[in-house]
1. Among 79-89, 44-54, 58-68, how do they line up from the highest to the lowest mean number of other beta-carbon atoms within 10 Å?
2. Grab the Cα-Cα distance for Phe65 and Phe44, subtract it from 0.36 nm times how many residues apart they are, and report the gain in nm with one decimal.
3. Which value in nm describes the separation of the simple spin-label points at Leu97 and Leu73, placed 7 Å from the Cα toward the beta carbon?
4. Given a Förster radius of 30 Å and the C-beta distance between Lys58 and Val33 as r, what FRET efficiency does 1/(1 + (r/R0)^6) yield to the nearest 0.05?
5. Cα gyration tensor of the stretch 28-120, axes a ≥ b ≥ c as square roots of the eigenvalues: rounded (a/c below 1.5), prolate (a/b > b/c) or oblate?
Amino acid sequence: MFITMLSLFSFSEMDLDTGQLNIPYADKMTHFVFYLVFTFLGVFFVRERTKGNLKLRKAIGYVFFGAVAYGILIEALQYTLTVDRMAELGDVFANVLGAFVGIGLIQWLFSKKRPLKWKF
């Protein structure tokens, strides 16, 4: 809920000192990192809540679909409900790419010769 509110809140009226540091595509990098962390931790959350009864592959699918759907929903809400926030297709692509990398990281960590064990 907090992330949703931040995504829809307008910061244009606030005097935020951005300083002299100008990083190209910083907003896209932020989207990428957020969704990477979101999916990575989301799989742990789903596995913990189901006490390991949900297979890793299904947990990954649910979390990936949920992250992508949430990202698209936020962009649609920014387009329809806000005046000074812009929905961007680039943000959706950064979200999907971040979610994909987060899921890839989970699969990489849990598919090695000696994978991490889920602790229950």
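Nothing in this text is a laboratory measurement; each read-out follows from the coordinates by a stated rule. Since we're looking at a predicted model, the values are computed, not measured. Every residue, glycine among them, receives a Cβ derived from its backbone with ideal geometry; neighbour counts consider all protein chains shown.
1. The densest-packed peptide leads the list: 58-68, 44-54, 79-89.
2. Gain on extension, Phe65 to Phe44, equals 6.0 nm.
3. Each label point is offset 7 Å from its Cα along the Cβ direction, giving 2.5 nm.
4. That gives a FRET efficiency of 0.75.
5. Here the stretch 28-120 falls in the prolate category.
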